[in-house]
Amino acid sequence: MNAPSCDTDVLVVGAGPAGVAAAVMAASLSLRTMVLETGPVGGKLHRIGALGNVPGNWTTGPQLAEALATDLQRLQKAGQCAVEQGRAVKAHGYDDRAELLLDDGRVLTAKTIVVATGVTDLTPSDAEWVTAPSKFSAPPLWRATPLGLTGRTYVLGADRPLGTWLRAHPNVTITLHVLCPPTDRYKAAEVEDDSRVRIVPVSHVTITKPMYGDGWTVDVNGEDGARTVYAATSVLNNLGNKPAALAGLVSDKDGYCPPAQQHGRIRIAGDLRSARYQRIATAQGSGAEAVLAYYYDTTLSGGGRIW
Ligand SMILES: Cc1cc2nc3c(=O)[nH]c(=O)nc-3n(C[C@H](O)[C@H](O)[C@H](O)COP(=O)(O)OP(=O)(O)OC[C@H]3O[C@@H](n4cnc5c(N)ncnc54)[C@H](O)[C@@H]3O)c2cc1C
């Protein structure tokens, strides 16, 4: 069943909830398993200060991330899974193998590749409704600590981390001025009753350095066409994200990678599948399912063609 030329049976790209679930499932089926990860094990879990919808009584994301890292260490020690550090750039399926190209030039081969790279942060230059100088960089809201937020804080966008941040800091009394384009209005509904949030509806925002002093000048075109200029001590990024797709995958118009449209040796799991179902439990389920699909396709076809 194992082609000797392949480095592993199952190569998992990304060690977030989807990737770790795929690796645990693959190892449990005695498949040779390798995980490639560019950062810490746990992915987006490290950003979740308050967690309430994952079975197992987890109350924060880092708690669960630590447990997942322990799972991979256990598999590594037992010789059931290799964990490699590195960044994948391209995946390609062939009749007899799948190949993964890394940014350092390495090529890894596998019987199947599970891509679970999730989504990555949008930057101000990705957002059509924001104009900012090239030297402008907004720190992410999810990483902000209440002590670090003094003065007048503006938040670019009303994406979901806003609600998470507020829930994680229930006793903080700061006001967050949230610059909210029409596309984010439905997300703002979740937090608009929180007295610490002031929603500023915008059609366009221009950010510049003030002539004197620190901070930023935030020039807002309102939805009604009215223009207002604010002085911001800090501007935080909460613009949302875009799919972290690899070259070689089939993408839809939004950049997501529908699992059913990929080459037979390439499986997609977790947030990378679509903008829907971006939750930890669904990511885990899809990771495990991607490996089971490969396993049954292979065993039922007697180790021959797998699709
Ligand atoms: C602030 C915030 C709060 C959230 N709150 C909740 C919540 O309360 N409940 C809930 O169910 N969900 C929540 N989510 C969503 C949840 O975190 C995601 O649905 C889940 O983490 C998706 O898992 P994943 O494995 O698909 O992707 P990720 O967790 O994004 O993991 C992807 C992994 O792939 C790695 N990677 C990316 N590109 C490459 C590459 N080229 N090569 C190698 N490795 C790569 C990344 O470093 C990362 O470790 C929240 C998300 C955020 C941002």
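To the nearest 20 debye, what charge dipole does the chain have about its Cα centre, counting +1 at the Cβ of each Lys and Arg and -1 at the Cβ of each Asp and Glu?
280 debye
Just to be sure I understand: with springs between alpha-carbon atoms less than 10 Å apart, which residue in Tyr154, Tyr256, Tyr212 has the highest mean-square fluctuation in the Gaussian network model of the chain?
Comparing Tyr154, Tyr256, Tyr212 in a Gaussian network model of the chain, the most mobile one is Tyr212.
FRET efficiency for Ser5 and Leu29, Cβ-Cβ distance as r, R0 = 22 Å, nearest 0.05? Before the final figure, lay out the partial values.
Values: r = 21 Å, r/R0 = 0.96.
Efficiency at R0 = 22 Å is approximately 0.55.
May I have the count of lysine pairs in the chain with C-alpha atoms under 16 Å apart, counting pairs 8 or more residues apart or located on different chains? Before the final figure, lay out the partial values.
Numbers: Lys44/Lys242; Lys90/Lys111; Lys135/Lys209; Lys242/Lys253.
Lysine pair count for the chain: 4.
Label points 7 Å out from Cα along the Cβ direction at Ile174 and Thr217: separation in nm?
2.5 nm
For the chain, what does -39500 (n - 2.57) per DSSP helix run (n ≥ 4), summed and divided by total residues, give at 222 nm, in deg cm²/dmol to the nearest 500? Walk me through the intermediate numbers first.
Numbers: 5 runs with 62 residues, N = 307.
The per-residue figure over the chain is -6500 deg cm²/dmol.
Cα gyration tensor of the stretch 1-147, axes a ≥ b ≥ c as square roots of the eigenvalues: rounded (a/c below 1.5), prolate (a/b > b/c) or oblate?
Working: a/c = 2.76, a/b = 1.40, b/c = 1.97.
Oblate is the answer for the stretch 1-147, as a/c is 1.5 or above yet b/c matches or exceeds a/b.
Nearest 5 is fine: what % of DSSP beta bridges in the chain come out antiparallel, could you say?
On the way: 24 of 58 bridges.
Bridges in the chain are about 40 percent antiparallel.
For the stretch 1-76, what relative contact order do you get, as a whole percent, if you take Cα pairs closer than 8 Å and at least 6 residues apart?
Working: 101 pairs, mean separation 20.6, N = 76.
Relative contact order comes out at 27 percent.
Using a 10 angstrom cutoff on alpha carbons, build the Gaussian network for the chain and name the most mobile of Ser234, Ser195, Ser134.
In the Gaussian network model the winner is Ser134.
Which residues in the stretch 95-134 place their backbone N less than 16 Å from a point set 7 Å from the Cα of Asp254 along the Cα-to-Cβ direction?
Only 118-122 fall inside the zone, counting backbone N under 16 Å.
Please report the antiparallel percentage of the DSSP beta bridges confined to the stretch 1-92, to the nearest 5. Intermediate results must be reported in sequence, preceding the final value.
On the way: 0 of 9 bridges.
Taking every DSSP beta bridge with both residues in the stretch 1-92, the antiparallel ones total about 0 percent.
Hey, what do the phi angles of the stretch 228-233 turn into as Karplus ³J(HN,Hα) couplings, whole Hz, using 6.51/-1.76/1.60 and θ = phi - 60°, x for Gly and Pro?
Listing the rounded values in order: 9, 10, 10, 9, 10, 6 Hz.
Let a ≥ b ≥ c be the square roots of the eigenvalues of the Cα gyration tensor of the stretch 155-307; is it rounded (a/c under 1.5), or, if not, prolate (a/b larger than b/c) or oblate?
Values: a/c = 3.39, a/b = 2.44, b/c = 1.39.
Judged from the Cα gyration tensor, the stretch 155-307 comes out prolate (a/c at least 1.5, a/b above b/c).
Roughly speaking, what is the stretch gain from Thr228 to Ser274, that is 0.36 nm per residue apart minus the C-alpha to C-alpha distance, in nm to one decimal? Walk me through the numbers on the way to the answer.
Working: separation 46, 0.36 × 46 = 16.56 nm, distance 3.65 nm.
Fully extending the segment from Thr228 to Ser274 adds 12.9 nm.
Would you pull out the residues with amide H under 5 Å of Leu36's amide H, same chain only if 5 or more places away, H placed 1.01 Å from N?
Answer set, sorted by chain and number: Val12, Val13, Gly14, Glu84.
Apply 1/(1 + (r/R0)^6) to the Cβ-Cβ distance of Ala78 and Thr299, taking R0 = 22 Å, and write down the FRET efficiency to the nearest 0.05. Working shown, then result.
Details: r = 23 Å, r/R0 = 1.02.
Plugging the Cβ-Cβ distance into 1/(1 + (r/R0)^6) gives 0.45.
Would you please give the FRET efficiency between Thr150 and Thr38, computed as 1/(1 + (r/R0)^6) with r the Cβ-Cβ distance and R0 = 35 Å, to the nearest 0.05?
So the FRET efficiency works out to roughly 0.60.
What is the list of residues in the stretch 27-41 whose amide nitrogen lies under 20 Å from a point 7 angstrom out from the Cα of Thr70, following Cα to Cβ?
In the stretch 27-41, the label zone of Thr70 (backbone N under 20 Å from the point 7 Å along Cα→Cβ) covers 27-28, 40-41.
How much length is gained if the chain between Ser203 and Gln261 is pulled fully straight, taking 0.36 nm per residue apart and subtracting their Cα-Cα distance, in nm to one decimal? All intermediate terms of the calculation are to be shown ahead of the outcome.
Details: separation 58, 0.36 × 58 = 20.88 nm, distance 3.58 nm.
Additional length available on full extension: 17.3 nm.
How large is ³J(HN,Hα) for each residue in the stretch 8-22, as worked out from phi by the Karplus curve 6.51 cos²θ - 1.76 cosθ + 1.60 (θ = phi - 60°), to whole Hz, x for Gly and Pro?
7, 6, 10, 10, 9, 9, x, 10, x, x, 5, x, 5, 4, 5
Calculate, in nm to one decimal, what Glu128 and Arg87 gain on full extension: separation in residues at 0.36 nm each, minus their alpha carbon distance. Write out the running numbers ahead of the final one.
On the way: separation 41, 0.36 × 41 = 14.76 nm, distance 2.82 nm.
Full extension of this stretch gives 11.9 nm more.
Enumerate the amide H contacts of Asn241 below 5 Å, restricted to partners 5 or more residues apart or on another chain; note that Pro and chain-start residues carry no placed amide H.
Leu122
Within the stretch 14-49, which residues have the backbone N less than 16 Å from the label spot 7 Å out from Asn57 along Cα→beta-carbon, could you tell me?
Hits in the stretch 14-49 for Asn57 at 16 Å: none.
Tell me which of Gly42, Thr60, Tyr94 sits at the most positive position along the dipole axis of the stretch 39-100, charges placed on C-beta atoms (Lys, Arg +1; Asp, Glu -1).
The one lying farthest along the dipole's positive direction is Thr60.
Each value in this text was obtained by applying a stated rule to the coordinates, not by laboratory testing. These numbers were taken from a predicted model, which means no experiment stands behind them. Note that we place each Cβ from the backbone using ideal geometry, even for glycine, and neighbour counts take in every protein chain shown.
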